[in-house]
Amino acid sequence: IVKNPVVLLVEDEPLVRLTQVDILKESEFWVVEAQDADEAFELLKSRPEIDAILTDVDMPGSMDGFEFARLVRQGWPEVAVLVISGKTGPGPGDLPPNAMFLHKPIMPDDLIAALQDVMARRPQNSGVS
């Protein structure tokens with residue numbers, strides 16, 4: 001049985017989030033939404049089916065997208081991480097290993113391609129390469 005990949009979308013702008021949800025759902029992703037990294041962190045702890053994180057950088061709350069990406073990598077190494085921003089690019093050490101960064105605005109096809117790419121790079125749970 002093939003399950004649709006589950007993406008945790010972390011975006012504080014409601015209109016942007018709505019657009020990204022539509023793009024993801026059209027490409028057969030299931031979407032779990034969070035408006036900041038704190039909410040996303042709580043969701044991640046309770047939702048083991050999450051395959052990938054798509055996070056903005058600049059958000060309200062106790063951490064930005066880069067910090068959240070590093071937290072995800074430490075606690076959930078099997079979860080793919082894609083960080084996006086229209087303002088801030090990653091500096092040295094901002095992105096965890098195997099994570100990707102895209103600058104907004106992003107064409108829908110590029111967003112999906114990057115998500116699929118980053119999911120293909122994540123370590124597999126099965127232990128078989």
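What the table below lists for this structure:
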quantity: Two-site label geometry, residue 4 and residue 121: point separation in nm, points 7 Å out along Cα→Cβ; calculated: 2.6 nm
quantity: Theoretical gain in end-to-end length, residue 39 to residue 26 [0.36 nm per residue, Cα-Cα removed]; calculated: 2.2 nm
quantity: Kirkwood estimate for the chain, i.e. one over the average of 1/r between Cα atoms, Å; calculated: 14.5 Å
quantity: Computed lengthening from residue 103 to residue 58, 0.36 nm per intervening residue step minus Cα-Cα distance; calculated: 15.0 nm
quantity: Over the chain: helical MRE at 222 nm, DSSP H runs n ≥ 4 each giving -39500 (n - 2.57), nearest 500; calculated: -11500 deg cm²/dmol
quantity: Student exercise, region 11-113 dipole from Lys, Arg, Asp, Glu Cβ charges, in Debye to nearest 20; calculated: 280 debye
quantity: Residues with amide H under 5 Å from that of residue 8, placed H, sequence gap 5 or more; calculated: 32, 51, 52, 53, 54
quantity: Proportion of all alpha-carbon pairs of region 63-106 beyond 13 Å (%); calculated: 48 percent
quantity: Accessible area per residue, Å², region 1-95 with all protein chains present, probe 1.4 Å; calculated: 49 Å²
quantity: Residue 78-residue 16 FRET efficiency (beta carbon distance; Förster radius 41 Å; 0.05 resolution); calculated: 0.95
quantity: Calculated from backbone phi, Karplus (6.51, -1.76, 1.60) coupling profile of region 11-22 in Hz, x at Gly/Pro; calculated: 8, 8, 8, x, 5, 5, 4, 4, 4, 5, 4, 4
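The values are calculated or read from the model by the stated rules, or taken from the named source; none is laboratory data. Keep in mind it's a predicted model, so treat the numbers as computed, not measured. Neighbour counts are summed over all protein chains in view; Cβ atoms, including those assigned to glycine, are modelled from backbone coordinates with ideal geometry. In case anyone asks, the SASA skips ligands and DNA or RNA and just uses the protein heavy atoms, side chains included. Shrake-Rupley method; radii C 1.70, N 1.55, O 1.52, S 1.80 Å.
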